[in-house]
Amino acid sequence: MACAATTGRRLRWYADNQRHYTGQVPTLTDRLAHLADLLDYLSAEDRRLVEDAYLRTVATAPRHRPTSLHPSVRSHPPEVAATAVASGLARELRTRRALVEDSWSTREVADLLGISPQGVTKRRTKANLLAFLDRGDWRYPRWQFTGSALLPGVLDAWKALPGKHDALGLVRWFTLPARALDDATPLERLRAGALAEVADAASYVGSP
């Protein structure tokens with residue numbers, strides 16, 4: 001698998017060889033350099049995923065502007081589109097890595113709560129624990145616990161959130177500033193005791 005330095009060199013090599021297609025080498029090079037910086041925070045496996053996404057987009061994106069495209073719609077060279085796709089994936093993988101690092105496994109939560117791993121799974125399936133799936137393993141954010149108990153209000157907010165098809169995104173919601181909470185994070189407001197306020201904000205997530 002490619003190391004970050006090797007992948008970064010490859011990306012810059014791609015940029016240097018796109019003059020004929022883009023005419024925007026400085027802009028493209030800047031984008032690729034930013035992507036290379038993002039790779040520094042990823043594992044070798046994740047870097048390979050990002051590199052593959054870049055190459056796949058370059059290979060499949062049209063080289064010429066479709067004649068059916070309305071003049072007001074901007075089109076980009078494949079390399080620019082590929083950099084956007086790969087950068088988005090890199091940011092997503094970096095976010096996932098940070099969330100995984102700040103979480104516990106099923107076994108660790110079982111030890112914390114003094115119950116069996118099966119008991120942890122049962123609580124998770126009943127939405128009595130916050131969890132997200134990572135590479136086939138369930139992970140439990142550490143911040144939902146205060147000692148061996150749950151942070152007050154965290155379950156009410158969790159259950160008020162919309163369908164859990166994107167559990168990772170919903171877990172991340174607790175750590176991001178929310179306009180409905182005056183730009184405080186839900187986790188900060190829970191720790192301040194604003195339980196009803198956070199539950200109410202959670203119920204509006206995804207609303208127009």
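The values are calculated or read from the model by the stated rules, or taken from the named source; none is laboratory data. On a predicted model such as this, the values are computed, not experimentally measured, just so you know. Using ideal geometry, Cβ is built from the backbone for each residue, glycine included, and neighbour counts are taken over all protein chains shown. Please note that ligands, DNA and RNA were not included when accessible areas were found on the heavy atoms of the full protein model with its side chains. Shrake-Rupley method; radii C 1.70, N 1.55, O 1.52, S 1.80 Å.
Summed over the stretch 155-172, residues that are in a helix (DSSP H, G or I), in contact with a Ser or Thr (Cβ under 9 Å, 6 or more places away or on another chain) and open to solvent by 40 Å² or more (accessible area, probe 1.4 Å) total 1. Beta carbons closer than 6 Å, at least 6 apart along the sequence or on distinct chains, pair a first residue in the stretch 110-125 that is under 12 Å from Tyr140 (Cβ atoms) with a second that is open to solvent by 50 Å² or more (accessible area, probe 1.4 Å) and not small (Gly, Ala, Ser) for Pro117/Arg107. Would you say Gly114 is open to solvent by 50 Å² or more (accessible area, probe 1.4 Å), at pLDDT 95 or above and more than 25 Å from Arg47 (Cα to Cα)? It is true that Gly114 is open to solvent by 50 Å² or more (accessible area, probe 1.4 Å), at pLDDT 95 or above and more than 25 Å from Arg47 (Cα to Cα). Take the conditions open to solvent by less than 70 Å² (accessible area, probe 1.4 Å), out of contact with any Gly (no Cβ under 6 Å at 6 or more places or on another chain) and part of a loop (DSSP other than H, G, I, E, B) and apply them to Ala127. Does it pass? The answer is yes for Ala127. Scanning the stretch 190-208 for residues that are open to solvent by less than 70 Å² (accessible area, probe 1.4 Å) and either among the acidic types (Asp, Glu) or part of a helix (DSSP H, G or I) (or both) yields a total of 8. Is the stretch 88-107 home to any residue that is modelled with pLDDT of 70 or more, open to solvent by 50 Å² or more (accessible area, probe 1.4 Å), within 30 Å of Ala194 (Cβ to Cβ) and in a strand (DSSP E or B)? There is at least one residue in the stretch 88-107 that is modelled with pLDDT of 70 or more, open to solvent by 50 Å² or more (accessible area, probe 1.4 Å), within 30 Å of Ala194 (Cβ to Cβ) and in a strand (DSSP E or B). In the stretch 133-154, how many residues are part of a strand (DSSP E or B) and in contact with a helix residue (DSSP H, G or I) (Cβ under 8 Å, 6 or more places away or on another chain)? Residues meeting the conditions: 9.
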